Amino acid sequence: MIAIDWGLTSFRAWRLAEDGAVLDRTTGPFGIRSVADRDFAAVLDRAVGTWRPATVLMCGMIGSRQGWVEAPYVAAPAGLAAIAAALAPVPGMDSAWIVPGVSQDPPDVMRGEETQILGVAAPLGAGRHVLCLPGTHSKWAVLEEGRVAGFRTAMTGEVFGLMRTQSMLAPLVPDDAAEDPGAFDAGVDRARDEGGLLHHLFGLRAAVLLGRLVPAALPSMLSGLLIGHEIAELSAEAQTVHLVGSAALTERYGRALSRFGIAATTHGEEMAARGLFVIAREAGIA
């Protein structure tokens, strides 16, 4: 089968063997936002046409209203059986489906992360587990007995980008600002103080103006501050958090979690491929 994680800005695909082993992979910057005239079939053919014919199962924003076809959300709590039963067929294509997202009340939604979570669920086994999928919109999910029991979203990555480039902090940051682990740690620690995020954000500017923070360290401290507040509010008092995502982001979140005394276990980005495989097997299409 062909497993595809197709987001707003990126495309990742894997060719899988009958046992789910990865035989080949490809990536590209052709997320759904970049697809001209909504010609998703042409993009798919260019990317993985040489792997066809094969069953195709896709997840992510390709199943949103802006995507190929909208795959309606499944309400949490949602497990493998419910998600596999709600696959949306792709019109005009044989043996091609899209995984639904998951929704909950109070209103929150995910698309793609549910597939990564199901990829992690089997090795984690029974019980209750807290997962974090960091990104532009980070997801914190509770997995109970193999089902997504609930989740919350934090717009941490998007807020970082806006603050870094469009806020009153932007003019203070030099173009050559490099990663500063010490400043990142200081930002995480600051998030544990009283005052709240909005007050702490203004404090970054004040610290630069008063000479207590060098401008080059500002992005790293901002990142630590935002991630620190995210952890403080959404980690659900977990003793261990399972991080799913890119090496760079999971390393950063693991570093921040350690300053809260929380252990972290990392699972790679290919959990999406694993999740798509187990969903396809459950649905009887692979």
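Only Lys, Arg, Asp and Glu count, each charged at its Cβ (+1, +1, -1, -1), so figure out the dipole size of region 14-107 about its Cα centre, rounded to 20 debye.
Working: 7 positive and 9 negative charges, 45 e Å.
Result for region 14-107 is approximately 220 debye, rounded to the nearest 20.
Dividing the Cα convex hull volume of region 185-235 by residue count, how many Å³ per residue is that?
Working: hull volume 3.3 nm³, N = 51.
Measuring per residue, one finds 64 Å³ for the Cα hull of region 185-235.
In region 87-149, what is the volume of the convex hull around the alpha carbon atoms, normalised per residue and reported in Å³? Mind dumping the intermediate values first?
Numbers: hull volume 7.0 nm³, N = 63.
Dividing the Cα hull volume of region 87-149 by its residue count gives 112 Å³.
Counting C-alpha atoms alone, how compact is the chain: give Rg to one decimal and Dmax as a whole number, in angstrom.
Values for the chain (Cα only, Rg and Dmax): 20.2, 64 Å.
Give, in nm to one decimal, the length gained when the segment between THR27 and MET168 is fully stretched (0.36 nm per residue of separation minus the Cα-Cα distance).
Working: separation 141, 0.36 × 141 = 50.76 nm, distance 3.58 nm.
Here the answer is 47.2 nm.
Computed from the mean reciprocal separation of all distinct C-alpha pairs, what Kirkwood hydrodynamic radius does region 140-286 have, in Å? Mind dumping the intermediate values first?
Numbers: mean 1/r = 0.0592 Å⁻¹.
Kirkwood hydrodynamic radius for region 140-286: 16.9 Å.
For the chain, what does the helix formula give at 222 nm: sum of -39500 (n - 2.57) over DSSP H segments with n ≥ 4, over the residue count, nearest 500 deg cm²/dmol? Working shown, then result.
Values: 9 runs with 104 residues, N = 286.
Helices in the chain give a 222 nm mean residue ellipticity of -11000 deg cm²/dmol.
From the backbone phi of region 206-218, what are the Karplus-calculated ³J(HN,Hα) couplings (6.51 cos²θ - 1.76 cosθ + 1.60, θ = phi - 60°) in whole Hz, Gly and Pro given as x?
Going residue by residue, I get 4, 5, 5, 5, 8, x, 9, 9, 6, x, 5, 8, 4 Hz, with x marking Gly and Pro.
How large is the translational diffusion coefficient of region 17-64 in µm² per second when you combine the Kirkwood radius over alpha carbon pairs with Stokes-Einstein at 37 °C and 0.692 mPa s? List each step's numbers first, then the result.
Details: Rh = 12.3 Å.
Value of D from the Cα-based Kirkwood radius: 267 µm²/s.
What do you get for Rg/Rh over region 1-133 if you use C-alpha atoms and the Kirkwood form of Rh?
Numbers: Rg = 14.8 Å, Rh = 15.4 Å.
Result for region 1-133 is an Rg/Rh of 0.96.
List the residues whose amide H sits under 5 Å from the amide H of THR55, counting only those 5 or more places along or on another chain, with H placed 1.01 Å from N in the peptide plane.
Under 5 Å from the amide H of THR55: ILE2.
What number, in percent, do you get for the relative contact order of region 103-202 if the mean sequence gap of Cα pairs under 8 Å and at least 6 apart is divided by its residue count? Let's see the in-between values first.
Working: 89 pairs, mean separation 16.6, N = 100.
Once divided by the residue count of region 103-202, the mean separation gives 17 percent.
Taking the highest mean first, how do the peptides 44-52, 241-249 order by number of other beta carbon atoms within 10 angstrom per residue? Before the final figure, lay out each step's value.
On the way: 44-52: 15.4, 241-249: 18.9.
Descending mean neighbour count gives 241-249, 44-52.
Go through ALA84, ILE279, VAL214 and say which Cα lies farthest out towards the positive end of the charge dipole of the chain; charges sit on Cβ, +1 for Lys and Arg, -1 for Asp and Glu.
VAL214
Enumerate by residue number the GluC sites (Glu not before Pro) in region 96-155 meeting two conditions: DSSP loop (anything except H, G, I, E, B), and at most 15 other Cβ atoms within 10 Å of the site's Cβ.
For GluC sites (Glu not before Pro) across region 96-155 that sit outside H, G, I, E and B with at most 15 neighbouring Cβ atoms in 10 Å, the list reads GLU145.
Students often check this: by mean Cβ neighbours within 10 Å, which of 85-98, 23-36 ranks highest, and how do the rest follow? Intermediate results must be reported in sequence, preceding the final value.
On the way: 85-98: 17.0, 23-36: 13.8.
Those peptides, ordered most packed to least, come out 85-98, 23-36.
For SER95 and LEU124, compute 0.36 nm times the residue count separating them, minus their Cα-Cα distance, and round to one decimal in nm. Walk me through the intermediate numbers first.
Working: separation 29, 0.36 × 29 = 10.44 nm, distance 3.03 nm.
Gain on stretching SER95 to LEU124: 7.4 nm.
Values in this text are rule-based calculations from the coordinates and carry no lab data. Here the structure is a predicted model, which means the values were calculated and not measured. Cβ atoms come from the backbone with ideal geometry, glycine included; neighbour counts cover every protein chain shown.
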